[in-house]
Amino acid sequence: MASDEKSIPMAEAIRRGMADCSPAERKVARVLLSSYPSAGFETVAKLAARAGVSGPTVLRFANRLGYRGFPDFQQALRDDLDERSASPVDLYDRRRPDAPSTPAAGLQRAAWITSETLDRTFDALVPGEFDRAVELLCAPKARVLVAGGRFSGLLATLLAQHLQLLRPGVSPLPEFDAGRIEAMAGLKRGDVVVLFDYRRYEEPTRRLAMVARERKASVVLFTDAWMSPIASEADVVLPSETESPSAAFDAMTPVLAIVEAMIAECAARLGSAASDRMRDVEAAGRELGLY
């Protein structure tokens, strides 16, 4: 990987670079991603032992990512952690652009940034990961629970409400503790928990992932390119780019685009079962006088 890609968040750079690595170097990458970011701050010898490779393999891996050595890699990881924990105030102070000369120039800038961010998001998505997520969400016997955070909870609700129209057994997780306890209590192998988690990553969401894994349920994670800590617990990870026309807030448009693509693919995958479900929902709505 060329050094000009260092602007890519570290976890995403590691994930993308795995295809160009040797089998031994891929072992290093998997250890780093499975215990991200703590594994990256271990010594070369300890990281090599965890990955079952030699010390020189760890150094070659860092070189392949474009770093001069392991200390250079670890400094980049520290810088990456600063980005992962950035608040809206931090982002505003770093990004604050000059005001556009006209409203039209501001719209043009926003359109360009949004288009570029969407393109990079879809280019980086791994088709196999997306297909696996659709497969899990369409499993006929699976109970699907969906949850997000302060802002991403809106997108979690959107996904859950659409899936409810396509298949039974889908529920957005309640925000209040008692409701979450009740919903998670019956979780079992074969069920699916869909989580949305973006920087500054939220501890209640991480705990949902941990409980899901303990109960042998599958975890589908929507996250950003810095990768939520939940990524090490997830069966499927769907990252999106976050560059936004706003100086203070990350973009949610790419996440919405992935959600809408997933809804469309689930509808196509479920076929007649989805259309029958939608007819039943419409009929119930008319009976209740809602439609």
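One compactness figure for the stretch 122-287 is 1.01, namely its Cα radius of gyration divided by 2.2 N^0.38 Å. Normalising the average separation of contacting C-alpha pairs (under 8 angstrom, six or more residues apart) by the number of residues puts the relative contact order of the chain at 20 percent. The count of lysine pairs in the chain that are at least 8 places apart or cross chains, and whose C-alpha atoms lie under 15 Å apart, stands at 4.
Expected output is a single nm value to one decimal: the length gained when fully extending between ALA284 and PHE122, i.e. 0.36 nm times separation in residues minus the C-alpha distance. What is it?
Net length gain for the segment: 54.6 nm.
Comparing ALA234, ALA225, ALA261 in a Gaussian network model of the chain where C-alpha atoms under 10 Å apart are linked, the largest mean-square fluctuation is found at ALA261. Counting only DSSP beta bridges whose two residues both lie in the chain, roughly 0 percent are antiparallel.
Looking at the stretch 190-271, the trypsin sites (Lys or Arg not before Pro) that sit in a DSSP loop and have at most 14 other Cβ atoms within 10 Å of their own Cβ are ARG200, LYS216.
Computed per residue of the chain from DSSP H runs no shorter than four, each worth -39500 (n - 2.57), the mean residue ellipticity at 222 nm is -17500 deg cm²/dmol.
Please identify the chymotrypsin sites (Phe, Trp or Tyr not before Pro) of the stretch 139-219 that satisfy two criteria: DSSP loop assignment and at most 14 other Cβ atoms within 10 Å. Which are they?
For chymotrypsin sites (Phe, Trp or Tyr not before Pro) across the stretch 139-219 that sit outside H, G, I, E and B with at most 14 neighbouring Cβ atoms in 10 Å, the list reads PHE151, PHE176.
Shape of the chain from the C-alpha gyration tensor: oblate (a/c of 1.5 or more and a/b not above b/c, with a ≥ b ≥ c the square roots of its eigenvalues). Springs between Cα atoms under 10 Å define the GNM used for the chain, and in it the highest mean-square fluctuation of GLY186, GLY17, GLY66 occurs at GLY186.
Here the Karplus curve 6.51 cos²θ - 1.76 cosθ + 1.60, taken at θ = phi - 60°, turns the phi angles of the stretch 13-18 into couplings of 4, 5, 4, 5, x, 4 Hz, with x standing for Gly and Pro.
Looking only at VAL134, VAL194, VAL126, which one moves most when the chain is put into a Gaussian network model with springs between Cα atoms under 10 Å? It is VAL126. In terms of other Cβ atoms within 10 Å, VAL58, VAL236 run from fewest to most in the order VAL236, VAL58.
At q = 0.19 Å⁻¹, work out log10 I(q)/I(0) for the stretch 185-278 with the Debye formula, treating every Cα as an identical point scatterer and leaving solvent out; two decimals please. Log10 of I(q)/I(0), two decimals: -0.96. Ranked for footprinting exposure by Cβ neighbours inside 10 Å, fewest first, LEU107, LEU77 give LEU107, LEU77. Plainly put, the stretch 3-84 has a radius of gyration that is 0.91 times its Kirkwood radius, both from alpha-carbon atoms, as the Rg/Rh ratio.
Each reported figure results from applying straightforward, stated rules to the coordinates on display, with no laboratory input. Since the model is a prediction, treat every value here as computed from it, not as a measurement. In this analysis, Cβ positions are derived from the backbone assuming ideal geometry, glycine residues included, and neighbour counts consider all displayed protein chains.
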